[in-house]
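Notes follow the structure.
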Amino acid sequence: SILGVAIAIFLGFRNNACYARYVEARHLWGQLMIASRSILREVKTTLPDERGIEDFVRLQIAFAHCLRMTLRRQPQTQVLGNYLDQEALQKVVASHSPANRILLLMGEWLAIRRRSGKLSDILFHSLNNRLNDMSSVLAGCERIANTPVPFAYTLILH
């Protein structure tokens, strides 16, 4: 009876820890959706006649796929090749943090428009803040993926 109570307590802690990670991951993915929609809306409304906007959209799609595949430790080259040109694909695949490299490419895309006068400093700052939001989501997801459930919570199951 005492052993049963101890096992129930350990299982309760483990279940709670796993559920908390799940809830945080869902929250982060929701934040990513909000940031992605917001940055795309801002880009489309501030640069309605921009010819290269499709490149920016493909970078966004590539970021979501790259984050998903990084967290699942899946190969990325084939899927990302559908959204990135060869030069960008090589940079991303060679990077230590491929998803972060895609964010850098998105920032470079915005910086080019800023330097050419298509984006004001204020709009660039606003869009860059959205990229920072996406970077925060990336960091949070990596933290969850790379932090195991505490050993004490899994010990009883073995």
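The values are calculated or read from the model by the stated rules, or taken from the named source; none is laboratory data. All values derive from a computational prediction rather than experimental measurement. Here Cβ is always computed from backbone atoms with ideal geometry, including for glycine, and neighbour counts include all displayed protein chains.
Could you please let me know if R37 is at pLDDT below 90, of a type in the set (K, R) and part of a helix (DSSP H, G or I)?
no
Scan the stretch 73-83 and tell me whether some residue there is aliphatic (A, V, I, L, M), more than 20 Å from R143 (Cβ to Cβ) and in contact with a Lys or Arg (Cβ under 8 Å, 6 or more places away or on another chain).
No: zero hits.
I'm trying to understand the selection: among the residues of the stretch 43-100, which are charged (D, E, K, R) and within 23 Å of I112 (Cα to Cα)?
Those that are charged (D, E, K, R) and within 23 Å of I112 (Cα to Cα): K44, D49, E50, R51, E54, D55, R58, D85, E87, K91.
Could you tell me how many of the residues in the stretch 51-95 are in a loop (DSSP other than H, G, I, E, B) and surrounded by fewer than 16 Cβ atoms within 10 Å (Cβ to Cβ)?
Total meeting the criteria: 10.
Quick test of your reading of the structure: V23 fulfils all but one of (1) modelled with pLDDT of 95 or more; (2) part of a helix (DSSP H, G or I). Name the failing condition by number.
(1)
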